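First the structure, in the form of structure tokens, and then the observations on it.
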Amino acid sequence: MTTNSKPNRLAKEKSPYLLQHAYNPVDWFPWSDEAFEKAKRENKPIFLSIGYSTCHWCHVMERESFEDEEVASLLNQDFVSVKVDREERPDVDHLYMSVCQALTGQGGWPLTIVMTPEKKPFFAGTYFPKQRKYGRYGLMRGCCRSWRASGRRTRRR
């Protein structure tokens with residue numbers, strides 16, 4: 001597990017939750033037009049992670065995945081990663097929690113959504129460890145590989 005000595009874009013935010021992720025090796029964007037424009041320009045999906053500062057599993061996922069160089073490398077290469085504080089943006093949280101519940105029959109935090117640059121979700125879930133455990137798909141083989149397997153086809157349609 002590592003943290004960067006150089007902060008990412010979240011260092012300029014006011015949210016305590018976003019600031020907790022400011023030194024992750026993941027190249028996080030806050031929810032912004034800049035993130036979606038970059039995704040369109042580079043033909044990459046959005047990896048959206050929604051949580052809040054007192055969420056236990058949000059902190060676990062940060063330690064296991066977002067502080068991990070291998071995970072960060074994959075996210076930085078294949079996605080535009082966006083971090084949202086559900087307490088700061090309840091509108092975004094409500095919308096994508098509804099999507100997660102419709103797609104999976106459950107919800108919770110951290111909320112993970114993978115979507116096109118046009119904000120059309122094609123993968124949803126909650127906590128993902130780096131590798132499969134606790135009966136959950138691992139981040140490395142689960143949602144990160146889904147773009148290569150199905151997302152690029154979804155995007156081309």
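Structure notes:
- Per atom type, the stretch 20-74 shows carbon and sulfur on 44% of its accessible surface, probed at 1.4 Å.
- H94 versus E37: modelled label distance in nm, points set 7 Å from Cα along the beta carbon direction: 2.8 nm
- Considering the stretch 1-54 at the alpha-carbon level, its Rg and Dmax are found to be 11.8, 35 Å.
- Here's the list of lysines a cross-link from K40 could span, going by alpha-carbon distance under 30 Å and ignoring same-chain residues fewer than 8 apart: K6, K12, K14, K83, K119, K120, K130.
- Compared with the direct C-alpha span, the chain from S5 to T104 gains 31.9 nm at full extension, assuming 0.36 nm per residue.
- Of the GluC sites (Glu not before Pro) found in the stretch 62-127, those in coil by DSSP whose Cβ has at most 13 other Cβ atoms within 10 Å are E118.
- Using a probe of 1.4 angstrom and keeping all protein chains present, the accessible surface of the stretch 55-98 works out to 41 square angstrom per residue.
- Those aspartates and glutamates that a straight Cα-Cα span of less than 18 Å connects to K38, excepting residues fewer than 8 apart in one chain: D27, D78, E118
- Between H59 and Y23, the simple spin-label model (points 7 angstrom out along Cα→Cβ) gives 1.6 nm.
- Cα-Cα separations in the stretch 12-112 greater than 15 Å, expressed as whole percent: 62 percent
The values are calculated or read from the model by the stated rules, or taken from the named source; none is laboratory data. Just so it is clear, the model here is predicted, and its values are computed rather than measured. A quick note on method: Cβ atoms are made from the backbone with ideal geometry, for glycine too, and the neighbour counts reach across all protein chains shown. The area values use the complete protein model at the heavy-atom level, side chains included, leaving out ligands, DNA and RNA. Shrake-Rupley method; radii C 1.70, N 1.55, O 1.52, S 1.80 Å.
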